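One structure is given below, encoded as structure tokens.
The values are calculated or read from the model by the stated rules, or taken from the named source; none is laboratory data. Everything numeric here is computed off the predicted structure, so don't read it as measured data. Here the Cβ positions follow ideal geometry from the backbone for every residue, glycine too, while neighbour counts run over all protein chains shown.
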Amino acid sequence: MNNSVGNTARLIGAALRALLVLTVICGVVYPLAVTGVAQALFHDKANGSELNDKSGGVVGSSLIGQTYTLPKKDPNDPEEAAKPDLKWFQPRPSGGLGTNSVNTRYSLFLSGATNRSADNGAVNGKCTGASEEGSLCAQVIGAREAVIADNSTADYTVKPQDVPADAVTSSGSGLDPDISPAYAELQIHRVAEKNGLTVKQVEKLVKDNTQGRTLGFMGEPRVNVLELNTALKALTRS
């Protein structure tokens, strides 16, 4: 009996010592070491890849897309659709899961894709004006029409075939901070007109903020919308 109690006590003592040691190593030493290395070698990324404007204020994270819209006439009206502020470059569509009290465009509460097939709402295999309202086809057609209307200016007309896919579809997360160079270039004339800039000035902005493929072969060329609009803001206020 005494031997049994003694063995049990020794086992419990060993378990408690192991728990204490592992708690110190895994719960204190390791997190502090990882945090220290991250702050020393990857300070920007470790702190959320925050982006500052010319005044030094934080305007957002380069990893998360955001909207550039005009204020609503009635902020408390959930039915009123937010309109894009056309002086800024616009991101790709978002809100793939729909809009409700916790999920608006580029909301961090909830994110995701449309979860609809590519031919959702198609008529005879094609997306047409006869597509069912609310279907993916109808959303894409509506988005394309809006892109054409918003970006056509007095001396530049957007053609339907010039509208890239990312201008009318959301990303898998619905929070993509980047657009394709083609979509950025499509917006150049409108941004130049709205801000009183020359087309060449805005073209240079897009070129300077276009990133190539990662390591030269992974992914696609892209333009970070927040970085581009931050550069645009600095140019218009310089």
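Among the residues of region 202-238, those identified as touching a Lys or Arg at 6+ places or on another chain (Cβ under 8 Å) and under 17 Å from D166 (Cα atoms) are T210, Q211, G219, E220, P221.
When each of A15, A33, A81, A40 is tested for being of a type outside the set (S, T, Y), at pLDDT below 85 and either within 23 Å of L175 (Cβ to Cβ) or out of contact with any strand residue (DSSP E or B) (no Cβ under 8 Å at 6 or more places or on another chain) (or both), the lone residue that passes is A81. The criterion of at least 1 residues that are acidic (D, E), surrounded by 15 or more Cβ atoms within 10 Å (Cβ to Cβ) and touching a Ser or Thr at 6+ places or on another chain (Cβ under 8 Å) is met by the following helices (runs of 4 or more DSSP H) wholly inside region 105-218: 188-195.
Looking only at residues in region 35-72 that are polar (S, T, N, Q) and part of a loop (DSSP other than H, G, I, E, B), the one that is surrounded by the fewest Cβ atoms within 10 Å (Cβ to Cβ) is S55.
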